Every structure is written in C-alpha cells, then in structure tokens.
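Structure, as structure tokens:
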Amino acid sequence: MASDMTATASGLVQCPVCSKDFNPSAINGHLDRCLLDNDSSLSTTEGSGPPLKKSRISAEAVPKSPSVNKPCVSSSVPVMPGASSSAVFSLFQTDKSKVSAPSELNSLFPSKHSPGSAVSKGIKRNLQNEADLGAAGTEKLTSRSSVPSGSIMKASNGVSSSRALQTIDKPLAEKLRPNTLEEYFGQNKVVGEHTLLRSLLDTQEIPSLILWGPPGCGKTTLAHIIASTSKKKGTARFVSLSATSTSTSEVREVIKQAQNELRLCKRKTILFIDEIHRFNKSQQDTFLPHVERGTVTLIGATTENPSFQVNAALLSRCRVLVLEKLSVEAMGSILRRAVASLGIRVLGQDPANPEDQDQSDGHEPKIYIEQKALDTIAHLCDGDARTGLNGLQLAVQARVSLAQSNQLTQDCSPQEILVQEEHIKEGLQRSHILYDKAGEEHYNCISALHKSMRGSHENASLYWLGRMLEGGEDPLYVARRLVRFASEDVGMADPSALPQAVSAFQACHFIGMPECEVILAQCVVYLARAPKSVQIYNAYANVKVCLRNHKGPLPSVPLHLRNAPTRLMKDLGYAKGYKYNPSFSAPVEQEYLPEELRGIDFFTWTPSDA
C-alpha cells in the first residue's frame, strides 16, 4: 500500500481509491471527493459485496439493522486497523443519518482531554465535513473560530447591535481578527504592496519567520493570515502552538506528522509558535534540523528582542520581521471596522448601509458613539489593538446593560444609547505604561535617561525618569545608575555631584515609592544641569587598555614604594629611599610608576602610543 501513495516518475501522486494520478497540491481535495463518491455508490449497490464486519466498538451501542451489513469498498482502499471501513467513510458522508454513532467517531478522534490526543496538541485538520462531525456529537478539530471576520452578529442578520454585544462569547479583538491582508492595518512597511514578504505570500514561497513586536501589533494575526492564504490554495497545513503550554514531546509529534504529510501528500506544514522566547535553548534546538531541511516552515512570535531570546543558530535560519506599534491612524481604521461590524452608528455621520442599521425588532435601543470617543481610544490604547478593541467592547456593553436595566425598572420604550468620551475613559483606564522591567524596554529607557542627562536636556531627563517610574521600575535601580553617572559624566567638573547622587540613593532607600520620586527628579535635574567632564572615565579606560595590551610580565612595584613590616623585608631593600611627603615643606620629586611606564600621562595617552 505504501507504493500506492508514492509519487510517480512524473511527480504526480496516485489516489489510493481510484488509482488515478494527480498533482500534489490537488490530491487532498480529490481524496475527499473520491471517498464521498465511492461511499454514495456503495449505498446504492447494497448487497453486491461480502458482508461487512460489525465494529467492535459500537456493536453493543448500535442495534442491528439492515444498514449494518452494507457492502465494503473495493480491495484497493486501505482499512484502518482496529476500526471498520464504515466508521472511516462515515466521516465523509453528507447525509447526517449515515454518520456512525458518537462512540465510533470518538474512538477515531479522541476528546481533547484524553492523553496523546492530536487535538490537545494543537494539531488542526482541514476536513470538509467538519460541521457534520459536530452534528454527530464529536468535537471540532480546529481551535479557530469559523465565524468570518467583519461579519459577526451584524444588524443585517436581523439581530440588533445591543443583542449582538450581549451574545459575544469572546473578546472583541479575537472575534474581529482579520483573515486577509486588506483588513490588516498598520504594518505597511512589512506587508505593503511592494514589500518582499507580500510578494512571497503571493507566490506561496513563505520562508521561516520570527515576528518581533510589542503586544497587540498583529503578530498572531499575520501568522493566521499566512495560514489562511496557504489553506485556500491547498499548499500547506497550519499548526498553532504556544510556548507557554507546549512540551518538547508535543513539538516532536507535530514535526513527525509534518514529515508524513510532506512524504505522502507533498504538502508542507506551517508551524506557528506563539511566545517562542518562552522556549529554552534545548527546546529551540528541536526545530533546527527540520527548519534547515524545510520539513516545517517556522513562524515564531515574540515580544522580546530575538537577538537575546532566540538561539543564534535558529535565528540564522529565519527572517526577522520587526512589527511596529500601531499608529493612531491605523487604530482609527481598526475601530471604524469594529463599530461597523457591531452595527453601531458614529454620532453625526451617516451609516454606510442604512438598511442594515435600521433593521431592529422595535424592542432594542439603537447605539451611537461619538467620534471623539473613538479618537480617545486610538490615543489611549498605546498602539495596542487588543487593548483598544476590548476597551471599546467593555464601554459599550456597560452602557447597554445600564440602558436595559433602566428599561426594565421604568417600563419605558426602547431608547437610544450614546457612548461618550468619559465612558471610554472609564472603560479604558490606563493603569500602566508599556514598560517591561526585565526586557528590552528597560534598557532602552535607562539609556535614554543617561544620554538625556549627558546632553544637559533636563526636560527629556525628567520624561524618561517618569516613563520608568510610572512603568513600575525599581527606584533603587535608577538611583544606582545616577551614582554611576555622577562619576562617569560629571566627574571632576562638579565633585559635589557624587555626594548628591549617593544622598539620593540613601533617601530612596529610606522612603521608597511614591514619595521618593521627587528626590530622584531633583537629582536628575541637578546632574543634567551640572558641567560635564569625562576625564576620569577616559583616564581609567586608558589604564585598563594599557594593562591588557602589555606584553610580557607586568612590571614589579618599585622597592621604595613597598611596605616593610618585617626585618627581612627591610634587609631586602623594601621601603628604602621612600620620601614621606608630609615631612617636606615643598613638593617631593619621587617616582611612583614602574620604570617601564615613567612619564606616561593616562589623561592624554592613547592606545596607539603604546
């Protein structure tokens, strides 16, 4: 049977049912149709073949009937071990009455809670009759919502916007996840009309990618758009895993299935790993040979700098795409699409489709939102589409719930609901600023603070200090950096800067946040205004270079500079000839450097002088 699935000399793949040859990209769709046709023909020729053995699993659950002894398929069709042929082909029947009992199907596709289940490992199957399986009592084999984006619960379906909001069982950001690049806003530099990735997507030559960007910028959405495009053309299957909940054994199982898909069906596998930086070094090494050979196309998403969090070997096999924080204009487009999908009118603007907007059952209020409220979301969400959409959903649902409760208590007619800017601010309270104390943003902000003080820009210095403190940074960390700055950049130009910085550190240690923030602000402004001198910093850097570049043994300490606590050391000449400076009223002429370095000035010396 293995020979039937192998490619012919011309590169075609042979169908195991009808023995015809097909292109590798068309074999999957043909196989489904062929099995459907074969099964329907068997139902019309009942009794023409040998009787079918009853399934061992469902023998007791299904009563005997003439339909149990339906004829088997031709001998060229492979039969799964441990399951009857009727149980196999029932998956492809369009008539729901012909689908086997749930016990049979559950035996073929275990529940996601059972150990070793493919569903529990995030493995997705592209079955045409998925809806029929759900009607038979089985679980769907895909974790993606089948609701098309942009069409959820519109008023055009006869459901009012207020009722639609109450029946949304997922966050709005998940419901409105785009499926096409035309609905994907804000990343034109990466997937614009004339970009490299766009041309690769059009030709289905998708390389392994690492998507790096802040939360809510569209990393996961872009991966699913790539998967959707590949599924439509039948060139690849898509498997989605999360590094926060996936083990190495599950990854190996997915890779093993990818190898089978490539060998038998000539179909590639796109493996999406969300939060790939959560995998340690050994787990990331699991992908190396398979990405190298092209067994899987890896798409990893991360909010951390891949230079630090992704193995260099894996990084060299992938192309890094940097996704930027969404602009206010892009957020405006996303929000307009959201309110249109929910059937909400923008106050003072004519609806795009008045018929859809006016379809109401007469008992539900109409919902309006101010344009200023949408603008407020676009500015407050800090470029995070997930935060913006979910904040919109929360604010609107709160207003709808309040209106419905008033309607019940006052027994009044349906009213119009207006969502204003203050309602949005209440539902979208920004409790924190995007700042990762353990990630790249931590180093970016402290670098900006240091450079702003070095440039004597006190306003910028205060701003970056506020970004760090309001984002939850440890004030003692900032104070330690200020102590360093006082010597590195101010130095001898203002020797009192170091005591100021040390005092600020001690005060922060005594008081803590939030009271110590003004102490740090005072120290930051003092250091920004202070004169700058890097003589000490450069001189000591020259000393380090001198020591590291010295050839041969390091010079010995001159005898007259050595201490002589014992008689033996005095006899050896230790401390002999040393001139005690306080004993002289005038400056003392005395050598303090080793003989090899006499006359060197580290304040003016450069490594080329060595």
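Tabulated data for the structure shown
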{"item": "Among residues of region 187-197, those that are open to solvent by less than 30 Å² (accessible area, probe 1.4 Å) and in contact (Cβ under 8 Å) with a residue 12 or more places away in the chain, counted", "result": "4"}
{"item": "Residue check for Gly472: in a loop (DSSP other than H, G, I, E, B), open to solvent by 20 Å² or more (accessible area, probe 1.4 Å) and not basic (Lys, Arg)", "result": "yes"}
{"item": "Hits in region 241-255 - residues which are closer than 17 Å to Thr220 by Cα and among the hydroxyl-bearing types (Ser, Thr, Tyr)", "result": "Ser242, Thr244, Ser245, Thr246"}
{"item": "Filter result (in contact with a strand residue (DSSP E or B) (Cβ under 7 Å, 6 or more places away or on another chain) and either open to solvent by 40 Å² or more (accessible area, probe 1.4 Å) or closer than 11 Å to Leu298 by Cβ (or both)) within region 257-266", "result": "Ala258, Leu262, Lys266"}
{"item": "Residue that is farthest from Asp274 (Cα to Cα) [pool: residues in region 198-228 that are assigned to a strand (DSSP E or B) and open to solvent by less than 40 Å² (accessible area, probe 1.4 Å)]", "result": "Leu209"}
{"item": "Hits in region 229-249 (condition: within 14 Å of Glu205 (Cα to Cα), among the hydroxyl-bearing types (Ser, Thr, Tyr) and open to solvent by 30 Å² or more (accessible area, probe 1.4 Å))", "result": "Thr229, Thr235"}
{"item": "Any chance Leu593 is assigned to a loop (DSSP other than H, G, I, E, B) and either open to solvent by 90 Å² or more (accessible area, probe 1.4 Å) or over 30 Å from Asn459 (Cα atoms) (or both)", "result": "yes"}
{"item": "Glu250 vs. criteria assigned to a loop (DSSP other than H, G, I, E, B) and either over 19 Å from the mean Cα position of the chain (by Cα) or not hydrophobic (A, V, I, L, M, F, W, C) (or both)", "result": "no"}
{"item": "Any chance Lys570 is modelled with pLDDT under 90 and either assigned to a helix (DSSP H, G or I) or surrounded by 14 or more Cβ atoms within 10 Å (Cβ to Cβ) (or both)", "result": "yes"}
{"item": "Residue match in region 259-271 (condition: within 20 Å of the chain's Cα centre (by Cα) and either assigned to a helix (DSSP H, G or I) or of a type in the set (Val, Ile, Thr) (or both))", "result": "yes"}
{"item": "Qualifying residue in region 245-268 (condition: out of contact with any Gly (no Cβ under 9 Å at 6 or more places or on another chain) and acidic (Asp, Glu))", "result": "yes"}
{"item": "Tabulated pairs, region 544-559, first touching a residue at least 12 places away in the same chain (Cβ under 8 Å) and over 13 Å from Leu597 (Cβ atoms), second surrounded by 11 or more Cβ atoms within 10 Å (Cβ to Cβ) and among the aromatic types (Phe, Trp, Tyr), C-beta under 7 angstrom, 6+ apart or interchain", "result": "Leu559/Tyr574"}
{"item": "Qualifying position, being under 22 Å from Ala448 (Cα atoms) and either at pLDDT 90 or above or of a type in the set (Val, Ile, Thr) (or both), among Ala501, Ala539", "result": "Ala501"}
{"item": "Whichever residue in region 430-467 is aliphatic (A, V, I, L, M) and at pLDDT below 90 and, among such residues, is surrounded by the fewest Cβ atoms within 10 Å (Cβ to Cβ)", "result": "Ala438"}
{"item": "Single residue of region 281-296 satisfying the filter (touching a Leu at 6+ places or on another chain (Cβ under 7 Å) and not in a helix (DSSP H, G or I)) that is modelled with the lowest pLDDT", "result": "Thr295"}
{"item": "Residues being part of a loop (DSSP other than H, G, I, E, B) and surrounded by fewer than 14 Cβ atoms within 10 Å (Cβ to Cβ) - total across region 596-605", "result": "5"}
{"item": "Failed criterion for Pro558 (all others in (1) surrounded by fewer than 15 Cβ atoms within 10 Å (Cβ to Cβ); (2) out of contact with any helix residue (DSSP H, G or I) (no Cβ under 7 Å at 6 or more places or on another chain); (3) over 18 Å from Leu482 (Cα atoms) hold)", "result": "(1)"}
{"item": "Pairs with Cβ under 8 Å, 6+ apart, first in region 247-265 and under 22 Å from Arg278 (Cβ atoms), second open to solvent by less than 60 Å² (accessible area, probe 1.4 Å) and assigned to a helix (DSSP H, G or I)", "result": "Thr248/Gln283; Val251/Gln283; Ile255/His290; Ala258/His290"}
{"item": "Unmet criterion (only one of (1) free of Cβ contacts under 8 Å to residues at least 40 places away in the same chain; (2) out of contact with any helix residue (DSSP H, G or I) (no Cβ under 6 Å at 6 or more places or on another chain); (3) on the phi < 0 side of the Ramachandran plot) for Gly512", "result": "(3)"}
{"item": "Conditions (1) among the basic types (Lys, Arg); (2) exposed (fewer than 15 other Cβ atoms within 10 Å of the Cβ); (3) over 20 Å from Cys318 (Cα atoms); number of the one not met by Arg252", "result": "(3)"}
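The values are calculated or read from the model by the stated rules, or taken from the named source; none is laboratory data. Bear in mind the structure is a predicted one, so any value in this text is a computation, not a measurement. Cβ sites come from the backbone with ideal geometry, for glycine too, and all protein chains shown count toward neighbours. Heads up: the accessible areas ignore ligands, DNA and RNA and are worked out on the full protein's heavy atoms, side chains in. Shrake-Rupley method; radii C 1.70, N 1.55, O 1.52, S 1.80 Å.
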